[in-house]
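Heads up: the structure comes next, in structure tokens.
The values are calculated or read from the model by the stated rules, or taken from the named source; none is laboratory data. All values reported here derive from a predicted model rather than from experimental measurement. Here the Cβ positions follow ideal geometry from the backbone for every residue, glycine too, while neighbour counts run over all protein chains shown. We work out accessible area using only protein heavy atoms, side chains counted, and drop any ligands, DNA or RNA first. Shrake-Rupley method; radii C 1.70, N 1.55, O 1.52, S 1.80 Å.
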Amino acid sequence: MDVVTIIKAIILGIVEGLTEFAPVSSTGHMIIVDDMWLKSEEFLTKYVANTFKVVIQLGSILAVVVAFKDRFIGFLGLGKKETHESRLKLTQVFVGLIPAGVFGVLFEDYIDEHLFSTETVLVGLVLGAVFMIIADIFGGKRPTAVTVDQITYKQALGVGLIQCLSLWPGFSRSGSTISGGVLLGMSHRAAADFTFIMAVPIMAGASFLSLLKNWQYFTLEALPFFIAGFISAFVFALLSIRFFLKLINKIKLVPFAIYRIVLALVIYMVYF
């Protein structure tokens, strides 16, 4: 695999890392960049290229684990014992994961076959932006959960159901869950923290299933592409997580929604 091909993997990793935790759809950005310029299907085949767009998220997952290491150590029962009952529990995280996990397994083949295209991503970008604007207008005024430790099981389940919208590439997992959390009474920061924590098991599961399904298409030649993308995604995701968490309570969701709509219009004019 030549240097140019590795550079393409690094570029996709940068796109993934910078956009995974902002509510702008990392998968949508990767599909647009790849379809318009990088053309990874030409040297990886369609199924391996689609799997790469999922598996590269493992780099972002590792970044979340590093950024929230104390939280995950606590989930494993290895950290300091918490004395108050309001601490976010691992069971609440799993309640939030169930809906999207079930729908993801049921519709994975359809999504891979029909929704990984620039056209469908543009639709997701616009619809997700509208949802985010609605969340900022009608939610977040007097949150009942100011921190992630105040989230209830009902809110966790509600966010999980809304997260199913993100199965449409371009809608954005973080965009749907943060918006849903705000509408359900969370602060923007609490919804963002919960979103990032939920990301670890659901993205790890999606990556594992995609690898398992498309294992027969892989060759050793594709391994450097995956490794380069993974490292790139990890580094840039770690940087973007810290930046985004400082930003979200200040600027809310509307600026990201405007960016999504402008991006969709620009790509539509250029691509079509």
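Computed from label points 7 Å out along Cα-Cβ, the spacing between ARG142 and THR45 is 5.9 nm. Ligands, DNA and RNA aside, LYS141 has an accessible area near 140 Å² when probed at 1.4 Å.
Cross-linked pairs LYS53/LYS246; LYS89/LYS154; LYS154/LYS252; LYS69/LYS252: Cα-Cα separations exceed 19 Å for LYS53/LYS246; LYS154/LYS252; LYS69/LYS252. The relative contact order of the chain, computed from alpha carbon pairs under 8 Å that lie at least 6 residues apart in sequence, is 38 percent.
What translational diffusion coefficient, to the nearest whole µm²/s, does the chain have by Stokes-Einstein, given a Kirkwood radius computed over alpha-carbon pairs, a temperature of 10 °C and 1.306 mPa s viscosity?
On the way: Rh = 18.7 Å.
The Stokes-Einstein estimate is 85 µm²/s.
Using Stokes-Einstein with the Kirkwood hydrodynamic radius over Cα pairs, what translational diffusion coefficient do you get for the range 164-217 at 25 °C and a viscosity of 0.890 mPa s, in µm²/s rounded to a whole number?
Approximately 201 µm²/s, per Stokes-Einstein.
Applying the Kirkwood pairwise sum to the alpha-carbon positions of the range 23-163 produces a hydrodynamic radius of 18.0 angstrom. Listed peptides 93-103, 37-47, 224-234 appear in the order 224-234, 93-103, 37-47 once ranked by packing, highest mean of other Cβ atoms within 10 Å at the front. Classify the range 82-170 as rounded, prolate or oblate from the Cα gyration tensor: take a ≥ b ≥ c as the square roots of its eigenvalues, call it rounded if a/c is under 1.5, otherwise prolate when a/b beats b/c and oblate if not. Note, shape of the range 82-170 comes out oblate.
Solvent-accessible area of ILE261, all protein chains in place: 60 Å² (probe radius 1.4 Å, heavy atoms, ligands and nucleic acids excluded). The label-point distance for LYS154 and VAL262, in a model that sets each label 7 Å from Cα toward Cβ, rounds to 3.9 nm.
Over all directions, average the projected area of the Cα convex hull of the range 13-92 and note it in nm².
Working: hull surface 28.2 nm².
The directionally averaged projection comes out at 7.0 nm².
Estimated from the Cβ-Cβ distance and a Förster radius of 30 angstrom, the FRET efficiency linking LEU212 and VAL235 is about 0.65.
Using helices alone, what [θ] at 222 nm do you get for the chain, with -39,500 (n - 2.57) per DSSP H run of 4 or more residues, divided over all residues and rounded to the nearest 500? Before the final figure, lay out each step's value.
Numbers: 13 runs with 198 residues, N = 272.
Rounded to the nearest 500, the figure is -24000 deg cm²/dmol.
Model label sites at MET1 and THR219, defined 7 Å from Cα along the beta-carbon direction, differ in position by 1.2 nm.
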